[in-house]
Amino acid sequence: MKTLTLYLLPRYLRFDKTQPFISITALLAFFGVGVGVMVLCIAMAIMNGMSKEFERKLFVMNYPLSIYSTTYTGLDDEILHALQNHFPQFLFSPYLRYQAVGKVGNTMNAAMVFGVDMYAESQINEVVRKAFESQSNHPSDTLSSEELIKQREQHITAFKEKTFSILVGKGFEEHFGLEVDDKLDLFFTQLEPSGFSYTPINKRFTIAGFFESGLRAYDEAYTYTNLEALQKIRRVPQGVYDGIHVYTQNPMQDIKLINDFLITEFPARAGIEGWWQQNGNFFSALELEKRALFIVLMLIIVMASLNIISS
């Protein structure tokens, strides 16, 4: 191939003084194809990079795999322990979630409250883990990995000792002007009788720290508290969960293993989905845009090729 290329280049691209117009036309057509290929490569590289960046941003607050209940009773410790024993290489974090409205003074803001086991959650959620590391009196880059882990565990232990502690996002902090140890009232959608009417359940939480995901929509809405806090508010028995988040290095391959296990051991009780399935419409739109751009740029190359043929 190299020998053929070296043979064709000087034969067809060298400048012919007797027919300068044809030589110039051939050179222009050649550069037209080259520019078309260059534009195609650059455009596809930009699109691929943009897709990867979107995936990285979405992945920050989206777990690799999520197990959900297919019955009204939810998931329980039996399923959780079975998964932990059968897949010791994966990390699991059970959770409860509840919609609420946060109130400080006369200011209110909608919130999604997640009740989690902070030890398990900090292992699979980088945002939560960094929130506890940032509470250190020393910059994290000045501490060794052992000291950092020790301080993080101390902060998590202090968090769990106060049942109604809560982590909120930077958006929440800015919206309410909150500081650590401030109080945040949360009004939940569940109603309870009070006198002659029904009123929403209200609970006051203590701010234990702040997290920053880089996505304002999450920072303004997501909050994390102890699993026991939401169990008491929702009156859910201990050991019952809305779902289980799963961390694995290869979620697209491992999702089939877990799904087969759930179908075999717990039929019609639990299902599983990946983060790419939760945001399927968004990534389908990106893929469609990438294909359309590829077709348009290929037409540029075809047009330049036709110029060569016509010459």
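Only the coordinates and a few stated rules stand behind these numbers; no lab work does. Bear in mind the structure is a predicted one, so any value in this text is a computation, not a measurement. With ideal geometry, Cβ positions are generated from the backbone for all residues, glycine too; neighbour counts draw on all protein chains shown.
Assorted remarks:
- Rounded to whole numbers, the Karplus 3J(HN,Hα) couplings from phi for region 205-217 are 10, 9, 5, 9, x, 10, 10, 9, 8, x, 10, 4, 4 Hz, using 6.51 cos²θ - 1.76 cosθ + 1.60 with θ = phi - 60°, and x at Gly and Pro.
- Sequence-distant residues sharing a close amide H with residue 70 (under 5 Å, placed H): 270, 271
- Those trypsin sites (Lys or Arg not before Pro) in region 224-300 that DSSP places in a loop and that have at most 11 other beta carbons within 10 Å: 235
- Distant-in-sequence amide H partners of residue 125 (H built 1.01 Å from N, under 5 Å): none
- Computed from backbone phi with θ = phi - 60° and the Karplus coefficients 6.51, -1.76 and 1.60, the 3J(HN,Hα) list for region 266-278 is 9, x, 6, 10, 8, x, 9, 9, x, 5, 6, 7, 5 Hz; x is used for glycine and proline.
- DSSP beta bridges in region 91-246 [antiparallel fraction, %, rounded to 5]: 75
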